[in-house]
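Engineer: Have a look at the structure that comes next, please.
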Amino acid sequence: SSSNTNSPQENKMSESGELLTELKDRVSRSIDGASAELHELSRDIWSCPELAYQESRAHDRLVAFFTHEQGWTVDARFKLETAFRAVWRTGGVGECVNVGFLCEYDALPGIGHACGHNLIAEVGAAAGLGLKAALEGAQGRLPVQVQITVLGTPAEEDVGGKVDLLKEGAFQGMDVVFMAHPSKEDATYLPCVAEHDVTIKYHGKASHASSYPWKGVNALDAAVLCYTNMSVLRQQMRPDWRVHGVIKHGGLKPNIIPDYTELEYYLRTPTRAELPVLKEKAERCFRSAAVATGCEVEIQYARNAFDNILRIPELEQLFERNGKSLGMDFTTDEDVLTNESGSTDFGNVTFVVPGIHSYFYIGSNALNHTPEYTVAAGDDKAQFFTLRTAKALAMTALDLLLQPKAMQRVKQEFIEAKLKDEKTSSRI
Ligand SMILES: NCCC[C@H](NC(=O)CCN)C(=O)O
């Protein structure tokens, strides 16, 4: 007969390792088992693209999905009209760890789901489902009680729904938060920068452009100068700053001197601390165009600025390990890993709750925010990659729930990341 010569500590570790393997396997099987419903969910969202804060159909579809699933408590209008929360808890008493998965579901004007937010919704829903199924089979064997919170977060492409949700206290009580974003590669992190939208309005005076041009004040000239000033500023900007603008109103007819023009700019810096420096320089460009042309200028910043992402290496390492075990192929291309991607309101969340915003390949080399990416996000081919990512997220959550030391490291790294950010900010 074989005798167990391990210490109680070693036995405990091997039991917890076995449990982890068993539960990770259950994550995979349950997500695969729900693949048809999950696919239908993201296809429905994809086929009816809705802009920020108008995502009523996508919202209702997600609410219906969780209402139909057993065991979730659904708050259909959680803090905001098109936000929702679905919560599931293990049955016991004691310390409870609250794990969040985020769904986004807003689209872009003119090109639909060109950023694949329909797939973000699917990943969040699938990860929540998978983790719940795994934990249901392990009640009584877990070192902690668990709450799973799937949060529907509207308006990422505009306004910043997560910032509004943060202001409403929607993330209170969460211990860690997960999401994944479609991209053209698998990556645990891509540089996500701080950003603020600004609208610039010039008010001039209309006049007949041929008969009495001297009586007019040309707001289009102001807009053109504004655009040119910003282009000139680019040469003096730090290489990792970004400014890009469009003229949204440029006048009505060549023979009417435009009395009103409007531009919209996105201003970006790698950290939120640098953003005010860029904003001041940009404002000088906006104002001087008004001075030169005799127009009045209004400078209106969007309600919410987006923060950069605070990184938690432990989360990234665990996610990468799980992803690799499922065959994810994480990019090692330094250009991709160091080049700025866009911005996300998830950045603001990472200053309040430790989190990960990973990226996943969807079976296409198309670039985000192009019509080709819209096609890819709705293609059946994206499903395998989307569900694989959801599995890796849920498995990473399991790592934290079953290995309290890993969770402690996440909390410690969160404190350190915030301290580092404060130190850097005080140097600017
Ligand atoms: N004004 C907010 C713009 C956010 C936008 N986000 C992304 O593209 C990331 C993925 N949706 C951006 O332009 O960075």
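The values are calculated or read from the model by the stated rules, or taken from the named source; none is laboratory data. All of these numbers come straight from a predicted model, not from anything done at the bench. No Cβ is skipped: glycine too gets one built from the backbone with ideal geometry, and neighbour counts run over all protein chains shown. Keep in mind that these areas ignore ligands, DNA and RNA; they rest on the heavy atoms of the full protein, side chains included. Shrake-Rupley method; radii C 1.70, N 1.55, O 1.52, S 1.80 Å.
Engineer: Heads up, I need the accessible area for Thr73: 1.4 angstrom probe, whole protein in place, Å², nearest 10.
Structural biologist: Near enough 100 Å² of accessible area.
Engineer: Now for a different question. If you restrict to DSSP beta bridges whose two residues both lie in the chain, what percentage is antiparallel, to the nearest 5?
Structural biologist: Beta bridges within the chain, antiparallel portion: roughly 65 percent.
Engineer: Running a GNM on the chain with Cα contacts under 10 Å, which residue among Glu55, Glu104, Glu136 ends up with the highest mean-square fluctuation?
Structural biologist: Most flexible of the set in this elastic network: Glu136.
Engineer: Using a 1.4 Å probe over the heavy atoms of the protein chains, calculate the carbon and sulfur portion of the accessible area of segment 194-301 as a whole percent.
Structural biologist: The value for segment 194-301 is 54 percent carbon and sulfur by accessible area.
Engineer: What is the projected area of the convex hull of the Cα atoms of segment 194-301, averaged over all directions, in nm²? Don't jump to the answer; show the numbers that get you there.
Structural biologist: Values: hull surface 25.0 nm².
Computing the convex hull of the Cα atoms and averaging its projections yields 6.2 nm².
Engineer: Could you give the angle, 0 to 90 degrees to the nearest 10, between helix 219-236's Cα long axis and the longest principal axis of the Cα atoms of the chain?
Structural biologist: 60 degrees
Engineer: Taking the full set of protein chains and a 1.4 angstrom probe, give the accessible area of His244 in square angstrom, rounded to the nearest 10.
Structural biologist: Surface open to solvent at His244 totals about 70 Å².
Engineer: If you stretched the chain out fully between Ile428 and Thr332, how much longer would it get, using 0.36 nm times the residue separation minus the C-alpha to C-alpha distance? Show your work: numbers first, answer last.
Structural biologist: Values: separation 96, 0.36 × 96 = 34.56 nm, distance 3.10 nm.
Difference between extended and current length: 31.5 nm.
Engineer: How big is the dipole moment of segment 194-301 about its Cα centre under a simple scheme where the beta carbon of each Lys and Arg is +1, that of each Asp and Glu is -1, and everything else is neutral? Debye, nearest 20, please.
Structural biologist: That gives a dipole near 160 debye.
Engineer: Using unit Cβ charges (K, R positive; D, E negative) and no other charged atoms, how large, in debye to the nearest 20, is the dipole of the chain about its Cα centre? Show your work: numbers first, answer last.
Structural biologist: Details: 44 positive and 58 negative charges, 181 e Å.
Result for the chain is approximately 860 debye, rounded to the nearest 20.
Engineer: Okay, next question. Using label points projected 7 Å from each Cα along Cα→Cβ, tell me how many nm separate Val232 and Arg287, to one decimal.
Structural biologist: 1.6 nm
Engineer: Between Lys324 and Ser210, what's the calculated FRET efficiency when r is the beta-carbon distance and R0 is 51 Å? Round to 0.05.
Structural biologist: 0.15
Engineer: With only alpha-carbon atoms in the gyration tensor, what are the semi-axes of the equivalent ellipsoid for the chain, in Å, largest first? Provide the component values of the computation, followed by the final result.
Structural biologist: On the way: eigenvalues 430, 105, 67 Å².
Equivalent ellipsoid semi-axes, largest first: 46, 23, 18 Å.
Engineer: Still on this structure, please answer the following. Filter the trypsin sites (Lys or Arg not before Pro) in segment 240-343 to those in DSSP coil with at most 11 other Cβ atoms within 10 Å of their Cβ, and list the result.
Structural biologist: Those that pass, being in a loop and sparsely packed, are Arg303.
Engineer: Next up: Note the angle between two axes, namely the Cα long axis of helix 275-293 and the longest principal axis of the Cα atoms of the chain, as a number of degrees from 0 to 90, rounded to the nearest 10.
Structural biologist: 20 degrees
Engineer: A further question follows. Rounded to the nearest 500 deg cm²/dmol, what is the calculated helix-only ellipticity per residue at 222 nm for the chain, with -39500 (n - 2.57) per DSSP H run of length n ≥ 4?
Structural biologist: Per the formula, -14500 deg cm²/dmol.
Engineer: For segment 194-301, please report how many Lys pairs fall under 30 Å Cα to Cα, leaving out neighbours fewer than 8 apart on the same chain.
Structural biologist: Eligible lysine pairs with Cα atoms under 30 Å apart amount to 14.
Engineer: Another one. Could you state the angle between the C-alpha long axis of helix 35-47 and the longest principal axis of the C-alpha atoms of the chain, as a value from 0 to 90 degrees rounded to the nearest 10?
Structural biologist: Taking the Cα atoms of the chain, the angle to 35-47 is about 10 degrees.
Engineer: Under 8 Å for C-alpha pairs, at least 6 residues apart: give me the relative contact order for segment 194-301, rounded to a whole percent.
Structural biologist: On the way: 229 pairs, mean separation 46.0, N = 108.
Value for segment 194-301: 43 percent.
Engineer: What ranking do 291-297, 17-23 get when scored by the average of other Cβ atoms within 10 Å per residue, highest first?
Structural biologist: Ranking the peptides 291-297, 17-23 by packing returns 291-297, 17-23.
Engineer: A further question follows. For segment 194-301, what is the accessible area per residue in Å² when the probe is 1.4 Å?
Structural biologist: Per residue, segment 194-301 has 53 Å² of solvent-accessible surface.
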